[in-house]
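Worksheet: the structure to be examined is printed underneath.
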Amino acid sequence: MLQAKRKTGLVFFPAFDWAIDPTHPEREERLLYTQDQVLEEGIFDIEGITEYKPDIVTINDVNRIHFCVPDCWHVMTESHFISAGGAKTIGMAVLEKKVECGFALVRPPGHHAMRVVHGARGFCNVNIEAIMIEFLRAAYGIGKVAIVDTDCHHGDGTQDIYWHDPNTLFISLHQDGRTLYPGSGFTNEAGGPNAAGTTLNIPLPPYTSDEGFLYTIENVVLPILDEFKPELIINSAGQDNHYSDPITNMNFSAKGYAELTSLLKADIAVLEGGYSIEGALPYVNTGIILAMAGLDYSKIREPDFNPEKIRQSPQVTAQIKEVGKTVLATWRTREQLREQLQKTAKNGFVERMRRIYYDTDGITELQKEKIQVCRDCGGAIRIDTSADTGSHVLAVHIPIDACDKCIEQGQQWYEEAGSDPFQKAFLQNRTKDKFFEKNLLRR
Amino acid sequence: MIIGLDVGGTHTDVVLLDKQGIVKEIKVHTDATNLFKTVLAGLEKITLDINPKDIKRIVLSTTLTTNSIIQGKTPEVGMIVSSGPGIDPMLFQTNKHFYPVAGSIDHRGRRIEKIDPDEIQSIGRKLKNEGVRYVGIVGKFSARNPSHELEIRRILRNQFDEFFLGHRVSGNLNFQRRIATTFFDAAVFPVHKRFYLAVRRSLDQQGMNIPIQILKADGGTMNFESSIGFPGQTIFSGPAASIMGAMAFSPKEEDALIFDIGGTTTDMAILINQVPLLDPLGIELGGYKTLIRSLKSKSLGIGGDSVIRIIDGQIQVGPDREGFAMIYGGNKPTPTDALAIMGKLEDVDTEKAFKGFESIASKLGVPVEKAANMIFDHACRKILTEAEKMVNEINSKPVYTVHELQEGYQVKPKKIMVLGGPAPYFAEHFEKISDYRVTLVPRWKVANAIGAALARTTCEVSLFADTERGILTSPEEKYKKNISTDFTREKAIKIAFDLLKHKAVETGADSEDLEIELLEDQQFNMVRGFHTTGKNIRIKAQVKPGLIHRYQSILQKISD
């Protein structure tokens, strides 16, 4: 009987009764053929592969990361609670050593969801990886975590959440933002003043094939991971780099995904996007599962696989090498980068203004973000956010390892918040693992 | 009158029932080396002095096919396996003559790569040279499109005695299990067929020209003749017989645990509101996982005749058995001997039990009586612990839709029903050491044979519609039809029910006594490029395991 070399946990939650709308790519049918393939291959019968029932996350789990406006119930459905719960289940199984690694094959996805949530962007409402990671930090005292996002779209939500966190290394490999949603993820986006260099973006040119992806993993991602020494590696395993994906332009194959998985050796993989539901997902998912379990995946192949047809051009190869050099340089000069950014501080604070568009729900948000420059912790964050839904709230984040000064600053911001102009104020005090909110609407 | 016969590891139980209740019940010793003889002896003994014309139904639950697989006493068979991309099919090898071949079908049943007729011919020649007479043919996704399996058979026709095709064993997806199930069918076919002919001949000689039913692991029956093509379906029916025997007496609107305590094992199962739970995929036997439908049960190697050992001061009961208890002439002390020492058994030679327990008692450093109590208590607690594990495992079973997860039913049994030889003694102790309400199944010594006698014919069908491709198909039922884009789920359900009723009656059901239900009912819009291009419909329906209606009246009489 087939036996896994690494004990692997799986949560399979295809949410067969949930869709954004009937003809949306993020629909009921999305994991149907993956389920067929996984069942026919008998994946769940493999000795050492354990299927778990997904847990449901709690409001507390969500409030560790997100400021949902006006509240969680307005921006989440049952499916989001279960999808994030599936990731959490795998995280717990890995940390309790029931399995060595695990894969949450869940939907809806989450990597475009940012810290503040007014609605859905890029098919995402809440960030399921971040919810899982922060639960694991609170429950098991995990410190350094690395997230490698291999979805074809830039993981701008995860980037936003960990922009100021020096203990979370976020590396995103994606199709160049000049050619694809969400239009961000360039090499110069490298994190805030307290955490520059722990956000790394690797924009890859269209038509990058197996060769380019695997080159980047081996020569850029793995050396950085070796140096960062995370306690946990998370793979945001989007599958839309596949050559048959209808909404992207890359040339990655199922076997390539399996090889990437076996190189990366992530502890936890979480499904993100991937909309070639017949031609790619059944094969890519089977390949990823086999690779995680340490089993032979050499016979996994798409019916129409033709390596010649998807081979990348020499120009693409050259561009990828250039990007890799830039990213490694950013990583190596992260200390200088932090100093430079910290020098821009006024009265000890760095500010940025942003306009964020929620494409799925058609909402526009305006954000004024302020961070206390700090050498001792991630720094207290104050976000003044308003949206064209009419919402206007203040959101304050005190990081888990906050120093006394940042705790005090965060508290002060929250206490100061008044009904002009805010309707509500939120405070995430992660040092106490507590969430506070106050209603400021005038009667 | 009807006859129910259940072959167990130690005894074979036979009952004769009529509308007044049990007319006759007997036990014959099971001769594992000659089950034909055991079964025929049981049938002869129960029909002695009975007018053969009065017997209307015979149901057999045997271990013949199970044993021949476990003991590896099966003939060489050939397996031809067409996989296509995926896990290397050699990892699913079931036997020596196992040949992966070209050809591939995808998840929607589309042909991706053709069969190579020359390759098949050449394997056919090899199998013939090796003296193989029975051939299993299995394709990946053949439950969606059986054409490759059919084509391979066509190429090899007339060259072998019998073919077994993967798509006929089940409508469920699972290539590896389909291979194992088809292999079992081919491997036990000759012995099963010989058995059928022997029983048939014997009954005919006695003037009983009535259909014989055979019990399946899912607690239903099928007629013996239909089972010839699917002999794997008769594997492991023992636990099902006991569950069916307990089911009628289990509490309504409540969950109950069933323990069948035999000589070798304790089989455990769960009834929810009188309905037994089905295993989601199928039986596991001899290291092979199959698609053979089965009631969910768990077999624990603790029975009345289990060997007792003391290892480093720790009590271990089972999982093996070496013949009889010492009081019945065995060489090793057993829980049955413990019962004798505890004074629970009448008319037995307790002297032998005391003697056998001396070394156990000295290893435990307690008097013999105390040791017997400790051993018995240990066995009972172990059974309860394992039962709780089974309940937890069922409750943590993954589910696939939001609705199911929210409505997720949690099994919480508060009642235990016990049957089998030593049932009363165990029941008494379970009640003492746990919070369960514990009762005996009426006629606990032969309830398994009663369960077999009264079991209804069951079956399952799967129907798959893909309106984008214009296909409606149920390969298992040899059913295929073209459909138009306006085909609906309602129509699919109606067709599935028709197929199910037809199959049930064909395999021995009474058309007036079919309790049918949907097991799966899913419809997906197929969207390509932001347009709905079709519907993907999956329907699964079954005849529920249950007891035949005509004999409901005797249940009351039996429990009196």
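The values are calculated or read from the model by the stated rules, or taken from the named source; none is laboratory data. Bear in mind the structure is a predicted one, so any value in this text is a computation, not a measurement. Every residue, glycine among them, receives a Cβ derived from its backbone with ideal geometry; neighbour counts consider all protein chains shown.
Considering each of A:244, A:253, A:184 in turn, give the residue that is closer than 23 Å to residue A:359 by Cα and among the small types (Gly, Ala, Ser). Spell out how you get there, then give the answer.
Values: A:244 fails: closer than 23 Å to residue A:359 by Cα; A:253 fails: closer than 23 Å to residue A:359 by Cα.
On inspection, the qualifying residue turns out to be A:184.
Of the residues B:30, B:94, which is of a type in the set (S, T, N, Q) and either outside the structural domain of residue B:232 (by TED's automatic domain parsing) or at pLDDT 90 or above (or both)?
Working: B:30 fails: either outside the structural domain of residue B:232 (by TED's automatic domain parsing) or at pLDDT 90 or above (or both).
Selected residue: B:94, the only one of B:30, B:94 that is of a type in the set (S, T, N, Q) and either outside the structural domain of residue B:232 (by TED's automatic domain parsing) or at pLDDT 90 or above (or both).
Could you list all residues from the range A:31-78 that are of a type in the set (Asp, Glu) and assigned to a strand (DSSP E or B)? Break it down into steps so the answer makes sense when it comes.
So the first thing to find is which residues in the range A:31-78 are of a type in the set (Asp, Glu), and the list is A:36, A:40-41, A:45, A:47, A:51, A:55, A:61, A:71, A:78.
The answer is A:47, A:51.
Return yes when residue B:321 is of a type in the set (D, E, K, R), farther than 21 Å from residue B:260 by Cβ and modelled with pLDDT under 95 and no when it is not. Please lay out each step first, then the result.
Numbers: of a type in the set (D, E, K, R): yes; farther than 21 Å from residue B:260 by Cβ: no; modelled with pLDDT under 95: yes.
Against the criterion (of a type in the set (D, E, K, R), farther than 21 Å from residue B:260 by Cβ and modelled with pLDDT under 95), residue B:321 does not qualify.
Could you tell me how many of the residues in the range B:256-289 are over 16 Å from the mean Cα position of the chain (by Cα) and either assigned to a loop (DSSP other than H, G, I, E, B) or not assigned by TED's automatic domain parsing to the domain that holds residue B:335 (or both)?
Within the range B:256-289, residues that are over 16 Å from the mean Cα position of the chain (by Cα) and either assigned to a loop (DSSP other than H, G, I, E, B) or not assigned by TED's automatic domain parsing to the domain that holds residue B:335 (or both) number 5.
For residue B:468, indicate whether it is in contact (Cβ under 8 Å) with a residue 60 or more places away in the chain and in a loop (DSSP other than H, G, I, E, B). Don't jump to the end; show me each part of the working.
Values: in contact (Cβ under 8 Å) with a residue 60 or more places away in the chain: yes; in a loop (DSSP other than H, G, I, E, B): yes.
Spelling it out, residue B:468 is indeed in contact (Cβ under 8 Å) with a residue 60 or more places away in the chain and in a loop (DSSP other than H, G, I, E, B).
Of all residues being touching a Ser or Thr at 6+ places or on another chain (Cβ under 7 Å) and acidic (Asp, Glu) in the range A:40-96, which is farthest from the other protein chains (Cβ to nearest Cβ)? Just the residue, please.
A:55
This table checks each residue for (1) in contact with a helix residue (DSSP H, G or I) (Cβ under 8 Å, 6 or more places away or on another chain); (2) within 14 Å of chain A (Cβ to nearest Cβ).
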residue: B:73; (1), (2): yes, no
residue: B:78; (1), (2): yes, no
residue: B:83; (1), (2): yes, yes
residue: B:94; (1), (2): yes, yes
residue: B:102; (1), (2): yes, yes
residue: B:118; (1), (2): no, no
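Within the group A:236, A:276, which residue is assigned by TED's automatic domain parsing to the domain that holds residue A:37, surrounded by fewer than 24 Cβ atoms within 10 Å (Cβ to Cβ) and either over 14 Å from residue A:106 (Cα atoms) or of a type in the set (Gly, Ala, Ser) (or both)?
Working: A:236 fails: surrounded by fewer than 24 Cβ atoms within 10 Å (Cβ to Cβ).
Matching residue, one of A:236, A:276: A:276.
Those residues that are facing chain B (nearest Cβ under 10 Å) and within 22 Å of residue A:233 (Cβ to Cβ), I need them from the range A:290-319; list them, please. Explain how you work it out, then say what you get.
Residues of the range A:290-319 facing chain B (nearest Cβ under 10 Å): A:290, A:295-305.
Result: A:290, A:295, A:297.
I need a count of the residues in the range A:129-156 that are in a helix (DSSP H, G or I), β-branched (Val, Ile, Thr) and under 23 Å from residue A:262 (Cβ atoms). Explain how you work it out, then say what you get.
Filtering the range A:129-156 down to residues in a helix (DSSP H, G or I) leaves A:129-140, A:156.
Restricting the remaining residues to those that are β-branched (Val, Ile, Thr) gives A:131, A:133.
From what's left, under 23 Å from residue A:262 (Cβ atoms): A:133.
So the answer is 1.
Of all residues in the range B:518-532 being in contact (Cβ under 8 Å) with a residue 12 or more places away in the chain and closer than 16 Å to residue B:488 by Cβ, which is farthest from the other protein chains (Cβ to nearest Cβ)?
B:518
Could you list all residues from the range A:31-59 that are in contact with a Lys or Arg (Cβ under 9 Å, 6 or more places away or on another chain), at pLDDT 95 or above and surrounded by fewer than 19 Cβ atoms within 10 Å (Cβ to Cβ)?
A:48, the sole residue that qualifies.
Taking the criterion of being of a type in the set (Val, Ile, Thr) and closer than 30 Å to residue B:287 by Cα, would at least one residue in the range A:96-113 satisfy it? Don't jump to the end; show me each part of the working.
At the first step, the residues of the range A:96-113 found to be of a type in the set (Val, Ile, Thr) are A:99, A:106.
Subset that is closer than 30 Å to residue B:287 by Cα: A:99.
Yes, that holds for at least one residue.
Do you know which residues across the range B:533-560 are of a type in the set (Val, Ile, Thr) and more than 14 Å from chain A (Cβ to nearest Cβ)?
If we filter the range B:533-560 for residues that are of a type in the set (Val, Ile, Thr), which is where we start, we get B:533, B:537, B:539, B:543, B:548, B:554, B:558.
The answer is B:539, B:543, B:548, B:554, B:558.
Could you list, in sequence order, the residues of the range A:197-209 that are in contact (Cβ under 8 Å) with a residue 60 or more places away in the chain and buried (at least 21 other Cβ atoms within 10 Å of the Cβ)?
Across the range A:197-209, the qualifying residues are A:198, A:200, A:201, A:202, A:203, A:204, A:205, A:208, A:209.
Collect the residues in the range A:1-30 that are within 7 Å of another protein chain (Cβ to nearest Cβ) and either touching a Ser or Thr at 6+ places or on another chain (Cβ under 6 Å) or not in a strand (DSSP E or B) (or both), keeping them in residue-number order. Walk me through it before giving the result.
Within the range A:1-30, the subset within 7 Å of another protein chain (Cβ to nearest Cβ) is A:1-2, A:12, A:14-18, A:22-23, A:27-29.
Result: A:1, A:2, A:14, A:15, A:16, A:17, A:18, A:22, A:23, A:27, A:28, A:29.
Just to be sure I understand, how many residues within the range B:1-52 are hydrophobic (A, V, I, L, M, F, W, C), assigned to a strand (DSSP E or B) and over 26 Å from the mean Cα position of the chain (by Cα)?
Here is the first cut: in the range B:1-52, the residues hydrophobic (A, V, I, L, M, F, W, C) are B:1-3, B:5, B:7, B:14-17, B:22-23, B:26, B:28, B:32, B:35-36, B:39-41, B:43, B:46, B:48, B:50.
Those still in the list that are assigned to a strand (DSSP E or B) too: B:2-3, B:5, B:7, B:14-17, B:22-23, B:26, B:28.
Checking the rest, the ones that are also over 26 Å from the mean Cα position of the chain (by Cα) come to B:23.
Final tally of qualifying residues: 1.
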